[in-house]
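For reference, the structure is listed below as C-alpha cells.
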Amino acid sequence: MGGERVRVLRFLGRLVERNMGCAQQSFLCWVCDDESKIEGCARGAKLKGGNVNSFFKPFFQPCIIGIVERKSMYSRTLKSVLLVLALAGFALLPMGCKKAPPITLACNASAPTVYPGDPLSVTATAGSVDTNKKNNVIYSWSGDGVTGNGTSATVNTASLAPGSFTVKADVKEGKKGKEGLKPGQAADCSAGYTVKQFEPPTISCSASPSTIKPGDAATITSVGVSPQNRPLTYSYTASAGTITGTGTTAEYSSAGAPTGTVGITCNVSDDKGHTESASTSLTITAPYVPPAPKTQALCSTSFANDKHRPTRVDNEAKACLDQVALDLKQQADAKAVLVGESDADENAKTAKEQAYAAKHKHATVDQFAAQRAVNAKDYLVTEQGIDASRISVATGTTDGQTEENYLVPAGATFSSDVSGTTPVDETAVKPQVRKPLAERHPTKKTAQ
C-alpha cells in the first residue's frame, strides 16, 4: 500500500517541477521510512522535518512529507500551491489502494424434480467478473450424467436411478493460462435435483354385452393410463371360455363355457416393469328351451242326430272336420288323432254281437266308436286331401255318441298327453260309404 502512495506523490512532484519551473528553486520530495526510495532528493537537498511532517503524520504512516528548500529564497505563494497539490494527492491515495471484490458463482437447475429421461439443464451465473479485456473466464462442470458447455450444462437423466443428485460448477478468471492462480479469481456453486420413481399405470375394463348366450361372443375393452405417458401393453385372462387380444380391446368367446358368471381379468404393464390389473365379469345365460309341444284338443262332433245312421258324418260333423283339415294344412309337420266314442246302449249291443259272432263265423259286429273315427278320417282324406299317414284313429272310454279330434304337433306324443284311448285296427274297420236315406212314400189309407 505504501508503494502505491509513493508512486502517486512522485508523479505529482514531477508535475509541479515541469509546470511551475521550480526545478532549480525547490521541489516536493516524498519520503518513506526506507531512504533508499527517495528519488526527488538526489540533488543534495536536505530533509527538513518541522511542522509539516507533524501535520501529515497522523494521516499516513509510515510515509511523512517534508519540504526541501535550497538556500535561495522562494515565494510564499509557490509554497502554498505546492501544499495544496500535496493535499490533493493524499486525497486520491485511498482510491488507488481499494481491492477488487472476488468473483462469485450461482447455480440454478431448470427443475427441482424429474423422471428418468426428462430433460434437465443447469445454468451458472458469475458475479464481480473483472472487466479487463485481457481477463479470461473459464467454466467446468461435474456430476452424474452432466455435460457442460460454458455457463450451462445438461443432465442425461435417462441413465440415472431414482434418488437425489447434485451438479457442481467451477469458474476461474485471470490471464489466459493463469486463471484462478490469485486469490479471489475462483468460485464454485452447486444445484441439487431429485429423480423420481416412475408411477405405475392404472387400468379399468368392461365387457359388452355383459349378458350373452352359450356360444356367443363379447368385446372386452380396457382403458390404461400411465402418469408419465410410458408405452403400455395389455393381456387378458378368463375363468371360462377363451379370450384373445393384446391391445385395448379383446374378443371373448363363450364356446365350451358353462352357464353362469365368467370372470375377466385385464392386465396392463409399462416398459419399466410396472403392472396393474382390473376385473370385470359377464353372464352366460342358460339357453332358452321352449316347452315340449303338447297335443291340442280341437273340436268334437256329435253323431246323435241321425238315429238311423249313427256313425255317418253329417254336415255338422263336416264343419268341425273342415277346421281340423285347415289346422293340418297350416302345420305341415303336425298330425291328427281322431277318437271315436260310443254310449252304453251301443256298447251293450256290440258286446252281444261279439258273443254271437263267436259262435257264428259270418256274423257281423257293429263297432260304433271305431266306425265313427274311421268315417271321419275318410272324410279328411277323400274330401280335404289330407295324407292318410298323418291321421290316426282310436277309441275312447267316454260315454256318448261323439268323435273327438286332436292335433299332435311335431315332437308331441299323443299317448303321453291323452290317456284312455285304444288304437283302431283299420284293417278290420273300413270306412262306410255315405249314402242318403231312402225316400219315404206316404202310405195309402185303406177304405173303411
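Quick note: the coordinates plus some simple rules give every number you see, no bench work behind them. As the structure is a prediction and not an experimental result, all values here were calculated from the model. Using ideal geometry, Cβ is built from the backbone for each residue, glycine included, and neighbour counts are taken over all protein chains shown.
Numerical summary
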{"item": "Total formal charge among the other residues, if their Cβ is under 11 angstrom from that of K329, Lys/Arg +1 and Asp/Glu -1", "result": "-2"}
{"item": "Positive minus negative residues near S222 (Lys, Arg vs Asp, Glu; Cβ under 13 Å)", "result": "-2"}
{"item": "Ranked list, fewest to most other Cβ atoms within 10 Å of each Cβ, for S226, S415", "result": "S415, S226"}
{"item": "Proximal charge balance of G420 [Cβ under 13 Å; K/R count +1, D/E count -1]", "result": "-4"}
{"item": "Length-normalised contact order for the range 202-284 - Cα pairs under 8 Å, 6+ apart - percent", "result": "37"}
